[in-house]
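The structure under discussion appears below in the form of structure tokens.
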Amino acid sequence: MDLLHVPFRSSPEAINAVLGKHADVLFDTVPALIGQVQAGNLKVLAVTDKNRFPAVPDVPTVMESGVVPNYDVTSWYGVFGPPGMALSVVATLNKTLNEIIADEKVREHLVAAGVVVKGSTAKEFGRLLMDESERWNTVREAAGIARQ
């Protein structure tokens, strides 16, 4: 497949380019696209996570397509604080946020918006950041892209 990467400043700009037939495809997050998908304006071809998304359960993963084995790329959300934040504050925030996302109404709302809900500890999130940094640094190096 021969694709030209066109960098847009925002999801709405990229979506409008596809809707206006100025671009053929776009890669974006489920939450950014779910409204247009539900309205029938965009068709989801695949999700890039290794698992199907609850908001679009009938949409296959890229891995399921068989075109790109072991393809697992997803976005995630996290809460950050200033350097040196007191561990007691981190623990309180973490506990409170995990309680909020454990609430069934909150989970339903987030899932409907296209979010995969998963809580963690500060240590687990730190590990995710390190793993993602290492993973994408390897990709950057393999592609010959200079560190910026």
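Run through all the Cα pairs of the stretch 21-78 and give the fraction in each 5 Å bin from 0, expressed as whole percent.
The distribution over the stretch 21-78 is 4, 18, 28, 26, 15, 8, 1, given as percents.
Shape call for the stretch 88-128 from the C-alpha gyration tensor, a ≥ b ≥ c root eigenvalues: rounded (a/c under 1.5), prolate (a/b greater than b/c) or oblate?
On the way: a/c = 3.70, a/b = 1.63, b/c = 2.27.
Note, shape of the stretch 88-128 comes out oblate.
With the dipole of the chain worked out from charges on the C-beta (+1 for Lys and Arg, -1 for Asp and Glu) around the Cα centre, which of ALA55, ALA146, PHE27 lies farthest toward the positive end?
With unit charges placed on the Cβ atoms, the residue in question is ALA146.
Taking amide H positions as placed in the peptide plane 1.01 Å from N, state which residues far from VAL47 in sequence (5 or more) or on other chains have amide H under 5 Å from it.
It is THR61, VAL62, by chain and number.
When N is the residue count of the stretch 61-105, what does its C-alpha Rg come to as a fraction of 2.2 N^0.38 Å? List each step's numbers first, then the result.
Numbers: Rg = 17.3 Å, N = 45, 2.2 N^0.38 = 9.3 Å.
The stretch 61-105 yields a ratio of 1.85.
With a 10 Å cut-off between alpha carbons and a GNM built on the chain, which of ALA14, ALA113, ALA86 moves the most?
Greatest mean-square fluctuation among the candidates belongs to ALA86.
Along the charge dipole of the stretch 1-120, Cβ charges K/R +1 and D/E -1, which of ASN94, PRO69, GLY119 sits furthest on the positive end?
Going by the charge dipole, the pick is ASN94.
At 0.36 nm per residue, and after removing the present C-alpha to C-alpha distance, how many nm does the segment from VAL59 to ARG140 gain when stretched out fully? Before the final figure, lay out the partial values.
On the way: separation 81, 0.36 × 81 = 29.16 nm, distance 2.89 nm.
Separation in residues times 0.36 nm, less the Cα-Cα distance, equals 26.3 nm.
Add -39500 (n - 2.57) for each DSSP H run of 4 or more in the chain, then divide by its residues: what number comes out at 222 nm, to the nearest 500 deg cm²/dmol? Spell out each step's value before the answer.
Working: 6 runs with 68 residues, N = 148.
Mean residue ellipticity, 222 nm, calculated: -14000 deg cm²/dmol.
Mind giving me the FRET efficiency for LYS123 and ASN51? R0 is 22 Å, r the Cβ-Cβ distance, nearest 0.05 is fine. If you can, show how the numbers build up before the last one.
Working: r = 23 Å, r/R0 = 1.05.
So, using R0 = 22 Å, E works out to roughly 0.40.
Could you work out the longest stretch of the chain that avoids the trypsin sites (Lys or Arg not before Pro) located in DSSP loops with at most 11 other Cβ atoms within 10 Å? Walk me through the numbers on the way to the answer.
Working: sites that count: ARG9, LYS21, LYS43, LYS118, ARG147.
The segment 44-117 is the longest one with no such site.
Simple spin-label model, 7 Å along Cα-to-Cβ: ALA112 to SER88 in nm?
3.9
Where nothing but the Cβ of Lys and Arg (+1) and of Asp and Glu (-1) is charged, how large is the charge dipole of the chain around its Cα centre, in debye to the nearest 20?
So the magnitude is around 240 debye.
Compute log10 of I(q)/I(0) for the chain with the Debye formula, placing one identical point scatterer on every Cα and leaving out solvent, at q = 0.21 Å⁻¹, to two decimals.
-1.43
Quick one: what does P(r) look like for the stretch 1-50 with 5 Å bins over all Cα pairs, in whole %?
4, 19, 32, 27, 14, 3, 0
Heavy-atom accessible area per residue, the chain, 1.4 Å probe: how many Å²?
Numbers: 11300 Å² over 148 residues.
Averaged over the residues of the chain, the accessible area is 76 Å².
The values are calculated or read from the model by the stated rules, or taken from the named source; none is laboratory data. Everything quoted here is computed from the prediction, not taken from an experiment. Every residue, glycine as well, gets a Cβ built from its backbone with ideal geometry; the counts of neighbours run over all protein chains shown. What goes into the accessible areas is simple: the full protein's heavy atoms, side chains included, and nothing from ligands, DNA or RNA. Shrake-Rupley method; radii C 1.70, N 1.55, O 1.52, S 1.80 Å.
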